[in-house]
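Report on the following structure.
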Amino acid sequence: MTSLPTATPTDIDPDLFRTVLGHFATGVVAITAVDPDTGQPTGLVANSFTSVSLDPPLVAFCVAHTSSSWPRIRAAGRYCINILAEHQQHVSRQMSKKGAAKFEGLDWSPSPGGSPLLDDAVAWIDATPENEHLAGDHLIVVARVRALAAAERAPLLFFRGAYGRLDG
């Protein structure tokens, strides 16, 4: 077996790192909550989302530690993870922007936990915070699942820096 050369973190070019990892297709989630200070919906988009455990039911996602939205979502103490459908690229783009207009023109209703559940999402997961771990320039957030449901829709994918869809 051929061994690969080792590299120190300073040897890894950030653009190459992003390009190589961009070859892993992911889904896109919108993490939403009601800001306890304003009573208004708030949210952010992530493509680093995964299941963690069945017992107890846990999921995880990553957010930049510089996010201005995450502190408001965290302060709510509960949130809804909306798995976006293939026709919801506009939702992803809108929720990715900074500012208060993230929900402008978006249809949603309260999830069982009271967080914004986006209309037409593939699935939704109501969750509460379990743990956070600092990891480089991001936080790994582990959340306990409180309620969830799914619909028969195709998911929005992100691959090599662009949105995509499943063929078939």
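Among residues belonging to region 106-116 that are closer than 17 Å to residue 45 by Cα and not in a strand (DSSP E or B), point out the one that is least open to solvent (accessible area, probe 1.4 Å).
If we take residues in region 106-116 being closer than 17 Å to residue 45 by Cα and not in a strand (DSSP E or B), then 115 is least open to solvent (accessible area, probe 1.4 Å).
From 42, 50, grab the single residue that is free of Cβ contacts under 8 Å to residues at least 40 places away in the same chain, of a type in the set (Val, Ile, Thr) and within 27 Å of residue 149 (Cβ to Cβ).
Unique residue meeting the criteria: 50.
Would you pick out the residues in region 27-63 that are of a type in the set (Gly, Ala, Ser) and more than 18 Å from residue 94 (Cβ to Cβ)?
39, 48, 51, 53, 60
Is one or more of the residues making up region 121-135 open to solvent by 40 Å² or more (accessible area, probe 1.4 Å), without any contact (Cβ under 8 Å) to a residue 24 or more places away in the chain and small (Gly, Ala, Ser)?
no
Among what's in region 66-109 and is among the hydroxyl-bearing types (Ser, Thr, Tyr) and more than 13 Å from the chain's Cα centre (by Cα), pick the residue that is farthest from residue 138 (Cα to Cα).
Going through the qualifying residues, I end up with 109.
Take region 8-45 and flag every residue that is of a type outside the set (Ser, Thr, Tyr), open to solvent by less than 80 Å² (accessible area, probe 1.4 Å), at pLDDT below 95 and not in a loop (DSSP other than H, G, I, E, B).
Once the filter is applied, which keeps residues that are of a type outside the set (Ser, Thr, Tyr), open to solvent by less than 80 Å² (accessible area, probe 1.4 Å), at pLDDT below 95 and not in a loop (DSSP other than H, G, I, E, B), region 8-45 yields only 27.
If only one of 166, 134 is assigned to a strand (DSSP E or B) and over 15 Å from the mean Cα position of the chain (by Cα), which one is it?
134
Do we have any residue at all in region 94-114 that's polar (S, T, N, Q), touching a residue at least 60 places away in the same chain (Cβ under 8 Å) and on the phi < 0 side of the Ramachandran plot?
No; the residues of region 94-114 include none that is polar (S, T, N, Q), touching a residue at least 60 places away in the same chain (Cβ under 8 Å) and on the phi < 0 side of the Ramachandran plot.
Residue check: is residue 55 at pLDDT 95 or above, more than 27 Å from residue 159 (Cβ to Cβ) and open to solvent by 40 Å² or more (accessible area, probe 1.4 Å)?
yes
Would you mind stating whether residue 59 is touching a residue at least 40 places away in the same chain (Cβ under 8 Å), assigned to a strand (DSSP E or B) and over 23 Å from residue 22 (Cβ atoms)?
no
Has region 106-118 got at least one residue that is acidic (Asp, Glu) and touching a Leu at 6+ places or on another chain (Cβ under 8 Å)?
So far as region 106-118 goes, yes, one or more of its residues are acidic (Asp, Glu) and touching a Leu at 6+ places or on another chain (Cβ under 8 Å).
Among the residues of region 67-105, which ones are surrounded by fewer than 16 Cβ atoms within 10 Å (Cβ to Cβ), in a loop (DSSP other than H, G, I, E, B) and not hydroxyl-bearing (Ser, Thr, Tyr)?
The answer is 77, 87, 97, 98, 99, 100, 104, 105.
The values are calculated or read from the model by the stated rules, or taken from the named source; none is laboratory data. A quick note: this is a predicted structure, and the numbers were derived from the prediction, not measured. Positions of Cβ are backbone-derived with ideal geometry, glycine not excepted, and every protein chain shown enters the neighbour counts. Surface areas here come from the heavy atoms of the whole protein model, side chains and all, with no ligands, DNA or RNA. Shrake-Rupley method; radii C 1.70, N 1.55, O 1.52, S 1.80 Å.
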